[in-house]
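Trainee: One structure, pasted below without further comment.
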């Protein structure tokens, strides 16, 4: 019997109840992987087989579909400490890789596929594609300003449809321009204001499920958490852990600032979009505008400042050893190889097989 979907009222009410009983600073990480033909490394529509093969395994409840059948998402599940995340993330990758190997497919972890046409990717067949509440909304509000730094840190998608796009995160440019309700959200200030807008979307028929709100940061309505969803996929699990550590620390630091009565930093969307574009275009290698002073400095310096800003919560969260900035992110590594004369096929194969040379 098909499960009856929740009404808009039920979704909003249940979300509020969960936030009111939630525990602070638990953390979970979701990673998305391309499903690839092992010979050609082209995308292959085999999600349903991968999902079926997970039944009865430890991975079953943590493996889900996204939009297309050539993609799979794996979740760490809720963790009480970041050390659990750091241990579980490579474990989940290994579990998923083992399933993929049995099926005769392999996995890729960059923000876009360099050549497989999007038109050939089949949409999967699934049913979807107060104080504490206010605080969750305010944390989301406060994280808006830092979305560009997280994107620049994670950029891994310079190539699409056999083209060097000139961007470091082509995925972000495509996604935020193709889909509604994407990118930098508005400031809501409190739960009631956020709820009114969500109800407006339901009432107007713009959405039928809360998961159709794709902003780069949002209070999640299924889980009492703030979801940050700006980053590109990471070929190396070490980079994924470092990125998760920074994201986690940043969310906790914003929450602590709110708790301490620190005035929130809420630049306008158009100001944040200036850095958003710089992250898309140049990744770690460009410059960012300090939205407080309007001075311009290297993006790496901006991220170093961010790591310094989160220090008050670093020890509490157990993330100190993971807060590093890579010498080059995945986009920079791929672009450097292209400039050396490597083909897109060679470059992508190197990204897919990095785990074999890195001991992952």
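Trainee: Any chance you could check the Cα centroid distance between region 1-64 and region 224-252 for me, in angstrom?
Mentor: Cα centroid to Cα centroid, the span is 17 Å.
Trainee: If neighbour count is taken as other Cβ atoms inside 10 Å, put 59, 151 in order from fewest to most.
Mentor: Numbers: 59 21, 151 24.
So the ranking, lowest neighbour count to highest, is 59, 151.
Trainee: Now, a different point. Based on the mean of other beta carbon atoms within 10 Å per residue, what is the order of 78-85, 43-50, most packed first? Mind showing how you got there, number by number?
Mentor: Values: 78-85: 16.9, 43-50: 19.5.
Packing order, densest peptide first, comes out as 43-50, 78-85.
Trainee: Under the rule of -39500 (n - 2.57) per DSSP H run of 4 or more residues, summed and divided by the residues of the chain, what mean residue ellipticity at 222 nm is obtained, to the nearest 500 deg cm²/dmol? Don't skip to the answer; put the middle values down first.
Mentor: On the way: 14 runs with 164 residues, N = 360.
Calculated from helices alone, the mean residue ellipticity at 222 nm is -14000 deg cm²/dmol.
Trainee: Binning at 10 Å from 0, report for region 29-157 what percent of all alpha-carbon pair distances ends up in each bin.
Mentor: 11, 34, 34, 17, 3, 0
Trainee: Could you calculate the FRET efficiency of residue 58 with residue 83 from 1/(1 + (r/R0)^6), where r is the beta carbon distance between them and R0 is 25 Å, rounded to 0.05? It would help to have the intermediate numbers written out before the result.
Mentor: Working: r = 19 Å, r/R0 = 0.77.
Once rounded, the FRET efficiency stands at 0.85.
Trainee: Shape call for region 283-327 from the C-alpha gyration tensor, a ≥ b ≥ c root eigenvalues: rounded (a/c under 1.5), prolate (a/b greater than b/c) or oblate?
Mentor: On the way: a/c = 4.63, a/b = 1.66, b/c = 2.79.
Note, shape of region 283-327 comes out oblate.
Trainee: Rank these for me by crowding, 168, 113, 210, going from fewest to most other beta carbons within 10 Å. Don't jump to the answer; show the numbers that get you there.
Mentor: Working: 168 32, 113 24, 210 20.
Arranged by neighbour count, lowest to highest, 168, 113, 210 become 210, 113, 168.
Trainee: What list do you get for 19, 153 if you sort them by fewest beta carbons within 10 Å? Show your work: numbers first, answer last.
Mentor: Numbers: 19 24, 153 27.
The fewest-first ordering by Cβ neighbours comes to 19, 153.
Trainee: Label points 7 Å out from Cα along the Cβ direction at residue 340 and residue 321: separation in nm?
Mentor: 3.0
Every read-out reported here was derived from the displayed coordinates using simple, explicitly stated rules and does not represent laboratory data. Since we're looking at a predicted model, the values are computed, not measured. Note that we place each Cβ from the backbone using ideal geometry, even for glycine, and neighbour counts take in every protein chain shown.
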